[in-house]
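Please read the structure below before turning to the comments.
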Amino acid sequence: MKLLLDTQLLVWLGSHPELLSASTAALIDDPNNEVIFSTASVWEVAIKYSRGRADFQVEPGAFRHELFDAGFRELQVFGEHAVAVASLQPIHKDPFDRILIAQAMVEGITLLTSDAKIAQYSGPILLV
């Protein structure tokens, strides 16, 4: 299964893996699953890091390299993803989360998230 991890899960994975549930860690570690991160997540980390947010104290370049080192694949943001954002219900206002939802829907990839608001969208989304 292809799994797109939301930004919060990616940050936890790198800096606080103990915050991941056992079932989430098992999904990520399962060699039958392809774990994917979005360029939008790297962008979000870069913005929040540059603003000095306490919960985003990972240097963006190192963050991205760690994801590649873990064997994850990067999904770039394409125009088709941006267009799909327009069709989303206004359940969640965060633009980074909205692009991740759109990417999951367009690409048919399961989005793993710990955000209950994101999980309210129909489509390939799994609340963990």
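Just a few scattered comments:
- Residue by residue, the range 6-16 carries 3J(HN,Hα) couplings of 6, 4, 4, 5, 4, 5, 4, 4, x, 10, 9 Hz when phi is fed to the Karplus relation 6.51 cos²θ - 1.76 cosθ + 1.60 (θ = phi - 60°); x denotes Gly or Pro.
- For the range 2-127, the Cβ-based charge dipole about the Cα centre amounts to some 400 debye (Lys, Arg positive; Asp, Glu negative; other atoms uncharged).
- Matching label, Cα extents along the principal axes in Å computed from the structure shown, candidates (1) 95, 32, 19; (2) 44, 36, 28; (3) 36, 33, 24: (3)
- Taking Cβ atoms as reference points and 12 Å as the exclusive limit, the residues near Ile125 contribute a net charge of -2, counting Lys and Arg as +1 and Asp and Glu as -1.
- Relative contact order for the range 2-127, counting Cα pairs under 8 Å that sit 6 or more residues apart, in percent: 29 percent
- Radius 15 Å from Cβ of Ala84, net charge of other residues (Lys, Arg +1; Asp, Glu -1): -2
- Longest segment of the chain lacking trypsin sites (Lys or Arg not before Pro) that sit in a DSSP loop with at most 14 other Cβ atoms within 10 Å: 1-50
- With the highest mean first, a sort of the peptides 14-25, 36-47 on other beta-carbon atoms found within 10 angstrom per residue produces 36-47, 14-25.
- Taken one residue at a time, the phi angles of the range 105-116 give Karplus couplings (6.51, -1.76, 1.60, θ = phi - 60°) of 5, 5, 8, x, 10, 6, 8, 8, 8, 9, 9, 4 Hz. Gly and Pro are set to x.
Bear in mind that the values in this text are calculations on the coordinates, not laboratory data. If you're wondering where the values come from, they're calculated on a predicted model, not measured in any experiment. Counting neighbours? That spans all protein chains shown, and the Cβs are built from the backbone with ideal geometry, glycine included.
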